[in-house]
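The values are calculated or read from the model by the stated rules, or taken from the named source; none is laboratory data. Not measured: the values here are computed from a predicted model. When we count neighbours, we look across all protein chains shown, and the Cβ atoms used for this are built from the backbone with ideal geometry, even at glycine. We work out accessible area using only protein heavy atoms, side chains counted, and drop any ligands, DNA or RNA first. Shrake-Rupley method; radii C 1.70, N 1.55, O 1.52, S 1.80 Å.
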Amino acid sequence: RLGTAYRFGGAQISAGWERLRHDVDARDARQQAWWIGLAQRVGDGALRLNFARAADISGNLASGLGGTRQLALGYEHGLSAQTAIYAFYTRLSNDPNGLFRLGGGEVETGVAAAGGNGISLGVRHSF
């Protein structure tokens with residue numbers, strides 16, 4: 001996994017790439033993913049826009065499963081130096097034969113290419 005970020009003024013751009021490999025009973029599955037994010041400070045918070053792309057899965061364990069694209073737009077508001085609240089809207093768009101879902105991971109059952117939308121509300125605290 002590789003990642004980087006650059007700040008300029010009240011804005012930040014970040015990007016990353018990772019390669020995943022799973023070995024199960026002498027079979028394997030491989031996948032690559034990348035993401036890019038933009039953040040703009042607004043008062044005590046930040047508007048955030050993130051895009052991620054996971055390529056099709058290859059290998060003899062899961063060959064032929066499609067990848068996905070995810071777009072997220074949200075706002076994070078700082079309550080203190082360690083605590084923030086956030087709200088995000090996310091759109092997940094699977095490729096044909098893609099079985100990804102919101103909430104993490106890949107599901108083995110379900111409708112291929114279904115994708116989905118979601119809203120995330122929460123509190124982030126750094127110790």
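Tell me, what is the per residue accessible area of segment 10-102 in Å², probe radius 1.4 Å? The partial results should precede the final answer.
On the way: 5410 Å² over 93 residues.
Accessible area per residue: 58 Å².
What is the calculated FRET efficiency for residue 87 to residue 58, with r their C-beta to C-beta distance and R₀ = 41 Å, to the nearest 0.05? For R0 = 41 Å, the calculated efficiency reads 0.70. Sorted on the mean count of surrounding Cβ atoms within 10 Å across their residues, most packed first, peptides 87-94, 9-16 read 87-94, 9-16.
Ordered by 1.4 Å accessible area with all protein chains kept, 27, 19 run largest first as 19, 27. In this simple spin-label model, placing a label point 7 Å from the Cα along the Cα-to-Cβ direction at both residue 79 and residue 7 gives a separation of 2.3 nm.
Extension gain for residue 114-residue 97 works out to 5.2 nm (0.36 nm per residue, less the C-alpha to C-alpha distance).
Amide H contacts for residue 56 (H built 1.01 Å from N in the peptide plane; partners 5 or more residues away or on another chain; cut-off under 5 Å): 67. Each Lys and Arg adds +1 at its Cβ and each Asp and Glu adds -1 at its Cβ; summed about the Cα centre, the chain shows a dipole of about 380 debye.
Positive-end ranking of 4, 60, 45 along the dipole of the chain, with charges on Cβ about the Cα centre, is headed by 45. Here the 3J(HN,Hα) profile of segment 74-79, calculated from phi with Karplus coefficients 6.51, -1.76 and 1.60 at θ = phi - 60°, is x, 9, 10, 10, x, 9 Hz, Gly and Pro shown as x.
What relative contact order, as a whole-number percentage, does the chain give when Cα pairs under 8 Å and 6 or more residues apart are counted? Walk me through the numbers on the way to the answer.
Working: 316 pairs, mean separation 20.6, N = 127.
Rounded, it is 16 percent for the chain.
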